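The values are calculated or read from the model by the stated rules, or taken from the named source; none is laboratory data. Owing to the predicted nature of the structure, the values given are computational and were not obtained by experimental measurement. Don't worry about glycine lacking a Cβ; one is built from the backbone with ideal geometry, like all the others, and counts go over all protein chains shown.
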Ligand code: BGC
């Protein structure tokens, strides 16, 4: 569709001229008809007036609908579903039901204010793509790009969590989960990204939050988990343009005001390193830009830092100091492959161009790390002093999605061959990576691999204490801001080949993921015992879901979902029990 008609939506969102039900809301758009040729700025412009239904029809096309499209009452969890699995080959955390083979390690415990729970994200679980006034996001469009998703699936229905949230929350409560961390769909609340607010979305999230509270589960909110409203993407390029900053801040204000009385832990954006590196988006499906590909992620990053920091200050003024606001970093621990100085330099550049890109401005200086600054100053404007002041200190704790670890080294041709050489494939970070130890160290992989659909992920839990200490020493302790400790806001594992298993009971016994959670929790306990201020953790994910480009092929859920069954039933996997046990044994309510 985009190859024939490219809609350059002009963003004249008619909030003043429209009101009422979401389908009455409209935007003024221009359409450039290009026939079969590549779109160009000289193409003729056609003015259109589009309502929400038109936007869906023109930009997305047909959308699948779930079997159940009314709010589903929770089925009580039978006590037989809460019996833990038999132990793995290693000694499990003692469970009470099982005969403990290892005594509790008395030097470990979670501090009484340690918070923990599970996480998910709107686009990956909600479904109800077009229902109750939701507007499309970039991911609704990306799921229509042929072969962009490995199984060519969509998230039109996904887990149908939009209607099954009560069931989901009751299943978390039955296991004693303390926090449910979810994201809001920006284009559900503001179907065009800005302009008219969709009251049905506000009502929905209100009920979701109230249901959490009713079940004794603390709701925690991420404002943005990659699902940019499509209209904003097509209007000005989404995060490529600083135009997104006021739109995001307004969206954040609406959410803080609507839900801030019941939600105290807030995340503005999830993993900007990942979503900024998704630029450039596939050509012909979105508004095209002349910004060189390798510069696009950094334009996005600049908008994110401005949007995050402004939203932080708006949030603080609405919520007051009893609430915390931060954003979620991500990336694996970076281990030098050898002890050469070139590898040490490569590791530093890797930190700079990943975590440091966002963390140095927020936690250390108000501006990019030197190596990043040197690169971006060729094409990005400098932050003003006022902006730097707003960015520095705009976080209440250091949140990191810390799944794994990797080795880093200088390029084979040496660092100098890359730094300053735009044509080098590793430019601009110039850090090379590998999952295997050096040949001298045996050439082994760092730890068991996850599903082949998630090749970036290995179980490397031995490195977690060092990783947590690195974040504390690098960004938390030296920060002049009010940062309270480090939290692991996502960690989890895609069980290898889980998607090809057919027997339910085999799927539920997810041995590698279970050992990942066991060892990860031990690692957090060790880090705490060694003096790192780890304040909380959230496991990813509470349920199988739409895993972005992997569709439903690669799974991260601690609950299995049978996506072939229209009722989408959920079942706890063994890993769920292992995760929970860590808190039963070492939490403040833990046994002796
Ligand atoms: C993302 C999730 C994703 C998970 C597994 C995290 O980085 O925030 O959305 O599903 O990784 O790939």
Criterion violated by residue 539 - all others in (1) within 12 Å of the ligand (Cβ to nearest atom); (2) out of contact with any helix residue (DSSP H, G or I) (no Cβ under 8 Å at 6 or more places or on another chain) satisfied: (2)
Within the range 144-154, tally of residues that are farther than 18 Å from residue 281 by Cα and within 19 Å of the chain's Cα centre (by Cα): 0
Test set (1) surrounded by 21 or more Cβ atoms within 10 Å (Cβ to Cβ); (2) farther than 30 Å from residue 127 by Cβ - residue 531 fails condition number: (1)
The range 84-112: number of residues that are loosely packed, with under 10 Cβ neighbours inside 10 Å and at pLDDT 90 or above: 1
Number of positions in the range 376-399 that are within 16 Å of the ligand (Cβ to nearest atom) and farther than 18 Å from residue 470 by Cα: 0
Some residue of the range 447-469 being surrounded by fewer than 20 Cβ atoms within 10 Å (Cβ to Cβ), part of a helix (DSSP H, G or I) and at pLDDT 95 or above: yes
Segments classed as helices (runs of 4 or more DSSP H), wholly inside the range 190-301, with at least 2 members that are over 19 Å from the mean Cα position of the chain (by Cα): 199-214, 230-236, 244-259
Residues that are touching a helix residue (DSSP H, G or I) at 6+ places or on another chain (Cβ under 8 Å) and either in a loop (DSSP other than H, G, I, E, B) or away from the ligand (no atom under 16 Å from the Cβ) (or both), drawn from the range 563-576: 568, 570, 571, 572, 573, 574
Residue check for residue 516: modelled with pLDDT of 95 or more, in a helix (DSSP H, G or I) and touching a helix residue (DSSP H, G or I) at 6+ places or on another chain (Cβ under 7 Å): yes
Enumeration of residues in the range 132-161 that are out of contact with any helix residue (DSSP H, G or I) (no Cβ under 7 Å at 6 or more places or on another chain) and assigned to a helix (DSSP H, G or I): 142
Residue in the range 512-522 that is out of contact with any strand residue (DSSP E or B) (no Cβ under 6 Å at 6 or more places or on another chain), more than 16 Å from the ligand (Cβ to nearest atom) and within 24 Å of residue 562 (Cβ to Cβ) present: yes
Of residues in the range 548-559 being near the ligand (Cβ under 8 Å from one of its atoms) and surrounded by 24 or more Cβ atoms within 10 Å (Cβ to Cβ), the one nearest to residue 171 (Cα to Cα): 556
Residues within the range 400-445 that are in contact with a helix residue (DSSP H, G or I) (Cβ under 7 Å, 6 or more places away or on another chain), more than 16 Å from the ligand (Cβ to nearest atom) and closer than 22 Å to residue 495 by Cα, tallied: 0
Test result for residue 352, closer than 28 Å to residue 469 by Cβ and away from the ligand (no atom under 16 Å from the Cβ): yes
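Can you go through 398, 403, 368, 363 and tell me which one is crowded, with 22+ Cβ neighbours inside 10 Å, closer than 26 Å to residue 303 by Cβ and without any contact (Cβ under 8 Å) to a residue 40 or more places away in the chain?
368
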Residue in the range 447-461 that is farthest from the ligand (Cβ to nearest atom), counting only those that are closer than 15 Å to residue 335 by Cβ and without any contact (Cβ under 8 Å) to a residue 60 or more places away in the chain: 447
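I'm trying to understand the selection: among the residues of the range 147-201, which are on the phi > 0 side of the Ramachandran plot and out of contact with any strand residue (DSSP E or B) (no Cβ under 6 Å at 6 or more places or on another chain)?
147, 152, 158, 160, 176
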